[in-house]
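The values are calculated or read from the model by the stated rules, or taken from the named source; none is laboratory data. Keep in mind that this is a model prediction, so the values were computed, not measured. Note that each Cβ is placed from the backbone with ideal geometry, even for glycine, and that neighbours are counted across all protein chains shown. All accessible areas refer to the heavy atoms of the entire protein, side chains included, with ligands and DNA or RNA removed. Shrake-Rupley method; radii C 1.70, N 1.55, O 1.52, S 1.80 Å.
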Amino acid sequence: LEVLSGTNVTNDTDASMVELGFEAGGRRLGGGIRLNARMTDDDLLESTSTVDTSGQSGNFFAHLTIRPGGRKFRMPIRIGPEIRSNVLDISSGTIGALSEVDWVTVGGAVEIEPEFDLFRSNRSALSIYGRAHFGAGIAQASTATTDYDTESINLGAEFGVRYQAAKFLISGGYMLHQTEYDESDPEGLSFIDETTWSFQGFFVSLGIRW
């Protein structure tokens, strides 16, 4: 978490993520949905006092899928609406006058995922792939007493290796998710600082392809 104006707070901690996705379609066109949720440990912000701070994030992406490419190289392009949320929870005290801040973005996103087969037979395949995601939208940052208007951009990158045996898939690699919120419009004499949420780490995923 990085607050870029005013308080100039920067810190990181351990976090975990769970993601579920479904995609279906024909040879060239399809569609799907993806949901993910992330949660941090309770030391997201460093403090000399006994204040526990944690973060929760979630994302919903519903998309049309265009499938250019052939058997050895594929590059799905996904386009659709996206909803993203981030919550800063100050569970055992306050920072200033705040005990919780919620950001919610409604907008759209586009994503590409090139994949290249290193090996393929009738029953198995090994490939390398990457994923690039860009989204933007209008956002609202909310405290217990006030709602603030702002904007955000959502960035994502992923690269890894994917192995397919019959219909079953296992993938592993490295990912980065980042959401950047502009400084909010003022409400009276108060506003929410420009804030960046980042999540990065290694992953393993399981799936079925038919």
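Any idea which of (1) out of contact with any His (no Cβ under 8 Å at 6 or more places or on another chain); (2) open to solvent by less than 30 Å² (accessible area, probe 1.4 Å); (3) farther than 24 Å from residue 40 by Cβ is the one residue 111 doesn't satisfy?
Result: residue 111 fails condition (1) only.
If you scan the range 181-193, which residues turn out to be touching an Asp or Glu at 6+ places or on another chain (Cβ under 8 Å) and open to solvent by less than 70 Å² (accessible area, probe 1.4 Å)?
Hits for the range 181-193 are 181, 184, 192, 193.
Among (1) of a type in the set (Gly, Ala, Ser); (2) surrounded by 15 or more Cβ atoms within 10 Å (Cβ to Cβ); (3) at pLDDT below 95, where does residue 91 come up short?
(2)
Among the residues of the range 50-84, what is the count of those that are of a type in the set (Ser, Thr, Tyr) and either open to solvent by 60 Å² or more (accessible area, probe 1.4 Å) or at pLDDT 95 or above (or both)?
Of the residues in that region, 2 qualify.
Report every pair of residues separated by at least 6 positions or lying on different chains whose Cβ atoms are under 7 Å apart, first residue within the range 129-146 and farther than 25 Å from residue 78 by Cα, second part of a loop (DSSP other than H, G, I, E, B) and open to solvent by 40 Å² or more (accessible area, probe 1.4 Å).
Taking only residues 6 or more apart or on different chains, the pairs are 144/99.
Among the residues of the range 158-210, how many are touching a residue at least 40 places away in the same chain (Cβ under 8 Å), within 15 Å of residue 141 (Cα to Cα), touching a Leu at 6+ places or on another chain (Cβ under 8 Å) and not in a loop (DSSP other than H, G, I, E, B)?
Selection size over the range 158-210: 4.
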